[in-house]
Amino acid sequence: MKLKVIRIFALVFLIFASVNIAIMFFLGLGAFSDTFKRSSYNFSREPVENDTMYLHEQRMDKYSWQLDSLIEVNPLQAELFSDKLSKKYKKETFFIEYKALAVFKQAKFEEALQLYKEIENPYSEFVGTKRNDNRNIALCFKNLKQYDSAVHYFKISSIDDNLYNLADCFILMKQKDSALFYFRKKLEGIKKSNNKIYQIKEMDFLRYKIDSLKKASR
């Protein structure tokens, strides 16, 4: 009698254990399914090949080092190469900027000016390009001796070394008071900076320019 009870108890235990194992298996399968769905969703959110900014960065990485080297050693070759790339990637103004720089290096300032003016860079918020384009436009005007236009673009580009360029333009325009104003503004800015100890030579140069202009104005 005892043996029979033990056998029944063992059978019930086995059935109960089997049911639990089955439940755990299906629960685990469901969890795996959810995990797979989540990972698939996350994968689908990764940058895809036709993403515009992704392609822009890829092209910059691929071609910028070549163009930078050519600009230094052979501006004409840089112009031809960047022109070829700009025709291939018509929506990418990155290569037009390189062409403009290559043309500028060849002292073809009128052509460079037209190229810079045509640029409307959709990535300027990421790389600060528009600010640099305005400065480059100003440099073109300065080299073309159109100083009023140069002053305008130097002012709106808001780059620090434009204070030197502004002062220089006003010297060329024989407006010494305005030149003095910008040299003094640059000097005061350095005096207020935390790095003025490293800019002693620059401060001495600015003082020399200011004194020279003062003497010339007498």
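No value in this document is a laboratory result; all are computed from the given coordinates. Please read all numbers here as calculations on a predicted model, not as lab measurements. Cβ placement follows ideal geometry from the backbone for every residue including glycine, while neighbour counts extend to all protein chains displayed.
Cross-link pairs exceeding 30 Å in C-alpha to C-alpha distance, out of 105/201; 62/201; 99/192; 62/155; 99/209, comprise 62/201; 99/192; 62/155; 99/209. A simple spin-label model places the labels of residue 190 and residue 58 4.7 nm from each other, with each point 7 Å out along Cα-to-Cβ.
With the simple model of a label 7 Å out from the Cα in the direction of the Cβ, residue 216 to residue 117 spans 3.0 nm. Cross-link pairs exceeding 23 Å between alpha carbons, from the set 145/174; 91/142; 186/214; 88/117: 91/142.
Excluding residue 85 itself, what net charge comes from residues whose Cβ is under 9 Å from its Cβ, given Lys and Arg +1 and Asp and Glu -1? It would help to have the intermediate numbers written out before the result.
Values: positive: 59, 84, 87, 88, 99; negative: 83, 92.
Its environment carries a net charge of +3.
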